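The values are calculated or read from the model by the stated rules, or taken from the named source; none is laboratory data. Here the structure is a predicted model, which means the values were calculated and not measured. All Cβ positions, glycine included, derive from the backbone under ideal geometry; neighbour counts span all protein chains shown. Just the protein is used for accessible areas: all its heavy atoms, side chains included, with ligands, DNA and RNA removed. Shrake-Rupley method; radii C 1.70, N 1.55, O 1.52, S 1.80 Å.
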Amino acid sequence: MYRHNIATLTTTMAKFVIAGKSDCPYYSRIELLADDLQANLTDFQVHKIVKHPKEWQDWLDGTCEKNGWEHKQSPIVWRELIDRGGKGVLIGGSNEFQEYASGYYGFTSKQMSKDMNLISEENMETKLLITAEEEHEKSLSKPVHICITNASSDVAYHMVNEIARGDVLGKNTEVTLRLLTDKSLLEQVEGNKMEATDLACPLLRDVTVTTDPRKAFKDASAVIFLDEIPKDEGMEQADWLKKNEEVFTAYGKALNECAKCEVKAIVAGNGPVNFNALMLGLASPAIVRQNVVAMSRLHENRAKAIIGRRINVNTAGVVDLVVWGNAGGTTHIDLQNARVHGYEGAIWGPPTYSRPVKEVVHDDKWLETEYLENLKQYQETVEGALNHRASFSTAHCVVSLLTDWWNGTPGGAFYSLGVLSEGWYELPEGIVFSLPVKFQEGVWEVIQDLNISFEVKAKLDDIADELQKEKEAIFPPPKVTPPPQPNSEDEEEKAKKVFGDEEKKDTSPSPDITKALEAPELPKQGPLMSIVEESETESQIGTTTETERT
């Protein structure tokens with residue numbers, strides 16, 4: 001059937017993609033030709049795409065539009081040059097590919113029309129069988145849907161691998177990824193989808209790229225919000241908060257309509273994350289309110305990292321450090337309960353043995369000055385060294401938070417998390433505040449028995465005021481209208497009308513009242529009279545004594 005001319009082989013690695021309708025006889029012809037080329041040529045690779053006739057036209061139109069090609073029929077063939085970054089070069093249809101194979105490789109096909117039709121029928125039957133099997137497998141599988149917003153960001157890119165390979169939800173839990181992005185960045189995120197599928201992770205059931213929040217949030221079990229609303233130069237704080245409110249209120253409405261009521265929503269992008277989590281929760285009343293949180297773990301990990309470098313231990317060895325307050329604004333780093341494992345000091349112990357961080361550092365002045373300054377400049381320092389934004393650590397913080405939340409954390413360790421205040425530590429209700437929490441399977445619980453000093457409590461109250469003012473930028477408190485102050489002259493006239501003129505008013509009591517007020521006549525004799533006389537005598541003696549003192 002084929003004529004071979006091995007002398008014409010080239011050494012350039014090339015990958016050919018052939019695509020067509022499952023019932024197309026011309027696709028069957030070039031499919032066999034491509035198989036023969038791949039079997040005989042070391043540097044020839046072929047990738048096949050077979051579409052059901054009902055799917056073919058939409059797929060073809062989308063592929064041609066994406067690549068700027070003009071092609072109207074089945075099959076379609078293009079070449080991707082691996083040594084040129086995978087750029088696709090359109091070859092054409094069946095005839096063009098046969099001419100290409102003959103001219104470059106000396107291979108031709110002499111398949112008869114009868115054979116072509118028989119093979120196309122077999123292809124159609126095979127396609128229907130494979131499709132039925134895939135649908136059956138999908139019906140048996142109930143993957144967990146995870147959505148990532150701002151999916152074009154570097155943070156989202158670094159999260160995909162950890163989620164897809166089962167590190168987050170467990171080694172037996174299948175997942176589907178929903179990547180939500182803007183229309184202008186759709187092509188880039190489609191590339192992320194292709195790379196995610198190239199991971200070949202058995203637990204990754206599907207990847208969907210969309211610009212519709214409702215489609216992205218449909219039946220989602222977890223949504224990670226990485227949105228960043230830039231604050232333009234000179235923009236007022238209230239205007240910036242208003243822009244954030246508009247975005248997260250729209251998200252909240254879509255979340256309320258489409259996601260599962262127990263969906264875990266993590267607000268983790270740059271900006272006022274506590275405020276954004278509050279707006280998201282207010283706009284999604286059907287969602288379990290405790291499941292809308294703001295991530296403060298990045299602040300926590302950075303604070304631990306500086307401590308770890310100071311005392312030469314792994315950052316993971318620093319535990320129970322608390323970040324209080326506003327992850328998108330002012331925070332207070334609390335080392336009062338922080339401990340360190342694995343410190344190589346004079347005292348050794350098992351892996352569970354730990355010592356207080358303050359005791360190991362043994363430098364209160366450094367903790368109160370240089371440590372806090374380093375923490376303020378930490379992000380700028382890291383990004384200056386990288387010469388780009390620090391996204392890898394942010395991605396891992398989000399993933400580790402979702403992992404702990406989903407599976408729980410052993411050993412009673414606690415972490416920092418921005419949650420809706422219910423009055424813990426005498427903080428006002430109705431604001432999202434970073435507090436110490438511990439995770440059990442699927443839920444978190446605030447640690448309520450930590451001792452805080454009056455000084456720390458004053459700092460927390462100041463941060464609460466900051467968050468309250470952010471909230472009031474959208475929901476201003478009602479204005480209390482003071483009662484009207486009457487004119488003094490008008491008040492005097494009203495008083496005269498009510499009470500009359502005092503000069504003319506007869507203030508003498510009525511005869512009945514006078515009679516009632518008259519003292520009853522006391523008896524001249526008897527015990528009561530004796531008591532009265534004794535009382536008068538004592539009164540006179542007291543008065544006299546007082547006069548003599550004068």
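Reported count of residues in the range 429-447, each being open to solvent by 50 Å² or more (accessible area, probe 1.4 Å) and either within 22 Å of residue 468 (Cα to Cα) or part of a strand (DSSP E or B) (or both), is 5. Residue count for the range 448-459, restricted to those that are β-branched (Val, Ile, Thr) and open to solvent by 30 Å² or more (accessible area, probe 1.4 Å): 1. Listed by first and then second residue, the pairs linking a residue in the range 285-308 that is closer than 13 Å to residue 322 by Cβ to a residue that is part of a loop (DSSP other than H, G, I, E, B), with Cβ atoms under 7 Å apart and 6 or more places separating them unless they lie on different chains, are 296/327; 299/327; 300/321; 303/321; 304/321. Residue pairs whose Cβ atoms lie under 8 Å apart, separated by 6 or more positions or on different chains, with the first residue in the range 207-236 and over 24 Å from residue 197 (Cβ atoms) and the second open to solvent by 60 Å² or more (accessible area, probe 1.4 Å) and part of a loop (DSSP other than H, G, I, E, B), are 228/270.
If you take just the helices (runs of 4 or more DSSP H) that sit entirely in the range 180-267, which of them hold at least 2 residues that are open to solvent by less than 60 Å² (accessible area, probe 1.4 Å), in contact with a strand residue (DSSP E or B) (Cβ under 9 Å, 6 or more places away or on another chain) and under 23 Å from residue 298 (Cβ atoms)?
Result: 237-258.
Looking at the structure I just gave you, is residue 278 within 14 Å of residue 339 (Cα to Cα) and surrounded by 22 or more Cβ atoms within 10 Å (Cβ to Cβ)? Judged against the criteria, residue 278 is not a match. The residue list 447, 452, 431 contains one member that is within 26 Å of residue 238 (Cβ to Cβ) and of a type in the set (A, V, I, L, M, F, W, C), which is 431.
Put simply, of 412, 418 the only residue that is farther than 18 Å from residue 154 by Cα, under 23 Å from the mean Cα position of the chain (by Cα) and touching a residue at least 24 places away in the same chain (Cβ under 8 Å) is 418.
Could you run through the range 19-61 and say how many residues are among the small types (Gly, Ala, Ser) and more than 19 Å from residue 88 (Cβ to Cβ)? Even if it seems obvious, please write down each step before you answer.
Keep residues of the range 19-61 that are among the small types (Gly, Ala, Ser), which gives 19-20, 22, 28, 34, 39.
Next, from what is left, pick out any that are more than 19 Å from residue 88 (Cβ to Cβ): 22, 28, 39.
Of the residues in the range 19-61, 3 are among the small types (Gly, Ala, Ser) and more than 19 Å from residue 88 (Cβ to Cβ).
Might you let me know whether the range 161-171 holds any residue that is open to solvent by less than 60 Å² (accessible area, probe 1.4 Å), out of contact with any Pro (no Cβ under 6 Å at 6 or more places or on another chain) and on the phi > 0 side of the Ramachandran plot? Among the residues of the range 161-171, at least one is open to solvent by less than 60 Å² (accessible area, probe 1.4 Å), out of contact with any Pro (no Cβ under 6 Å at 6 or more places or on another chain) and on the phi > 0 side of the Ramachandran plot, which makes the answer yes. A Cβ distance below 6 Å, combined with a sequence gap of six or more or placement on separate chains, defines the contacts here; from the range 309-334, residues that are closer than 15 Å to residue 447 by Cβ reach residues that are modelled with pLDDT under 90 in the pairs 319/413.
Give me a count of the residues in the range 149-179 that are among the basic types (Lys, Arg) and either assigned to a helix (DSSP H, G or I) or over 22 Å from residue 251 (Cα atoms) (or both). Steps first, please.
If we filter the range 149-179 for residues that are among the basic types (Lys, Arg), which is where we start, we get 165, 171, 178.
Now restrict to residues that are either assigned to a helix (DSSP H, G or I) or over 22 Å from residue 251 (Cα atoms) (or both): 165, 171.
Summing the residues that are among the basic types (Lys, Arg) and either assigned to a helix (DSSP H, G or I) or over 22 Å from residue 251 (Cα atoms) (or both) in the range 149-179 gives 2.
Residues that are aromatic (Phe, Trp, Tyr) and in contact (Cβ under 8 Å) with a residue 60 or more places away in the chain within the range 421-458 comprise 433, 444, listed in sequence order.
Looking only at the range 178-233, residues that are closer than 24 Å to residue 396 by Cβ and basic (Lys, Arg) come to 3 in all.
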